[in-house]
1. On a 0 to 90° scale, report how tilted helix 221-232 is relative to the longest principal axis of the chain, with both axes built from alpha carbons and the result rounded to the nearest 10.
2. Can you bin the range 1-110 into rounded, prolate or oblate? Criterion: square roots of the alpha carbon gyration tensor eigenvalues sorted a ≥ b ≥ c, rounded for a/c under 1.5, prolate for a/b above b/c, oblate for the rest.
3. I want the local charge near residue 306. Using Cβ-Cβ distances under 14 Å, sum +1 for each Lys or Arg and -1 for each Asp or Glu among the other residues.
4. Beyond 30 Å between alpha-carbons counts as too far, so tell me which of 221/296; 295/384; 92/221; 221/342; 293/384 fall in that bin.
5. Okay, which of the range 90-127 sit inside 15 Å, backbone N to the point 7 Å along the Cα-Cβ direction of residue 58?
6. In debye to the nearest 20, how big a dipole does the range 196-401 give about its Cα centre with +1 on each Lys and Arg Cβ and -1 on each Asp and Glu Cβ?
7. Label 7 Å along Cα→Cβ of residue 258; the range 195-220 residues with amide nitrogen under 14 Å?
8. Contour minus end-to-end for residue 138 and residue 323, with contour as 0.36 nm per residue of separation and end-to-end as the Cα-Cα distance?
Amino acid sequence: MKILLIIGGGIAAYKASELIRQFRKAGHQVTPVLTAGGAHFVTPMTLAALAESPVYTSLWDLKDEREMGHIQLSRTADVVLVCPATADLLAKMAAGVADDLATTLLLATDKPVVVAPAMNVRMWLHPATQRNIAQLKADGITVIDPDDGAMACGEFGPGRLPDPPDVMAATLLRIGASSPSPALVNPVADALIGHHILVTAGPTHEPIDPVRVIANRSSGKQGFAIAAAAAQAGARVTLIAGPVSLPTPGGVARIDVETADQMAAAVEAALPADVAILVAAVADWKVTPSPVKLKKGDGPPALAFSPNPDILATLAASPDRPRLLIGFAAETNDVVANATDKRRRKGADWIIANDVSGDVMGGSHNQVHLITADGDDPWEVATKEAVAARLIAHIIQTIHAKTPLT
Ligand code: CTP
């Protein structure tokens, strides 16, 4: 594959060298385009040596008839990857500004575009950046969500560039190229047009009093990635999200809820759906919250728990049961046995089981088992986006197949 790699001006630009090395190692061609900002962090010489390709830096380099014109340069690649994508570059892309070589190529290209944003956490979370991201997604651009973690500027939160192998996998996935793991499958574009897919994601919060809740460690990343992949395959997607701090994927209708009761009501209101994928980590128990803040001086509170509705089991027994009902099972032990039992007990068609004894919750990777009536299909460890793409590809195959569901 030919990758046109646009390198923006940020500290993460240093990772572009490693990214080029990895693409080359996997047999791909990389043509680097270095922005003026990027050139403060990495030199054209380094990039040219690693890519074994000329490095383009200025629109005016290309003016010579014997050189490659910018239109041609933007179209000879199979995919355009912007990495790192700065807030400034994203804003220009969202607005259609073309005032240098990189932005002109991005406007002129007719190829898929993938962006890997990296910036300070405040800049990433700023409504202006989030607005631009939503616009880019609506324009069909694939956005690789930044990772959480400690940043070069000393702050902590989302904004870090994911590791080069993850950027490479997401880029290749976008164009359906064979990726480092054979597990990664690109959903067929538009294959789910006309289908309504319902996804629940994130934790629920069960209030104890006006300031305290019972929560869990679910980040919502896997469910959001599934909603994004379903929308990219053309489905109408309703995403019912517990309390998470994640941007809404492009083309997805999101309903925010807090408690299990609210999630159950939102699911019921969103029916009918062709497929439901219940990824949320729903609290099994709730308490009747105190109307006033519990005081320490009153001693440890005696919380009286009552059961929450089981959304998956209720949906399985409902007259509106989706044609394909998929649950998740987060297990810390006997993963396959527990999940196999859960599939039967709850009446789901499939259970995606994962071992959450490590750092899956909140992390960027997942290793899952697909449990169906046919048994256990263990999938290779992959990014949550890759797991989502593979699941959506499997759903497409199943609902387009003439054979009964397994
Ligand atoms: N689920 C649900 N409603 C609930 C609890 C769970 O819809 N009140 C769904 C989850 O979204 C997930 C599946 O059921 O798709 C399995 O969730 P899990 O918490 O693993 O199931 P539990 O029945 O709570 O099993 P466990 O005894 O392991 O907690």
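The values are calculated or read from the model by the stated rules, or taken from the named source; none is laboratory data. This is a predicted model, so every value here is computed, not measured. Here Cβ is always computed from backbone atoms with ideal geometry, including for glycine, and neighbour counts include all displayed protein chains. To get the accessible areas, we keep the full protein, side chains included, count just its heavy atoms, and leave off ligands, DNA and RNA. Shrake-Rupley method; radii C 1.70, N 1.55, O 1.52, S 1.80 Å.
1. Value to nearest ten degrees: 60.
2. Details: a/c = 1.43, a/b = 1.13, b/c = 1.27.
Rounded is the answer for the range 1-110, as its axis ratio a/c remains below 1.5.
3. On the way: positive: 286; negative: 206, 261, 284, 310.
Overall, the nearby charge balance is -3.
4. Working: 221/296 35 Å; 295/384 41 Å; 92/221 27 Å; 221/342 22 Å; 293/384 38 Å.
Distance filter (> 30 Å) returns 221/296; 295/384; 293/384.
5. Only 100-102 pass the distance filter.
6. 400 debye
7. Only 204-215 pass the distance filter.
8. Values: separation 185, 0.36 × 185 = 66.60 nm, distance 2.83 nm.
Additional length available on full extension: 63.8 nm.
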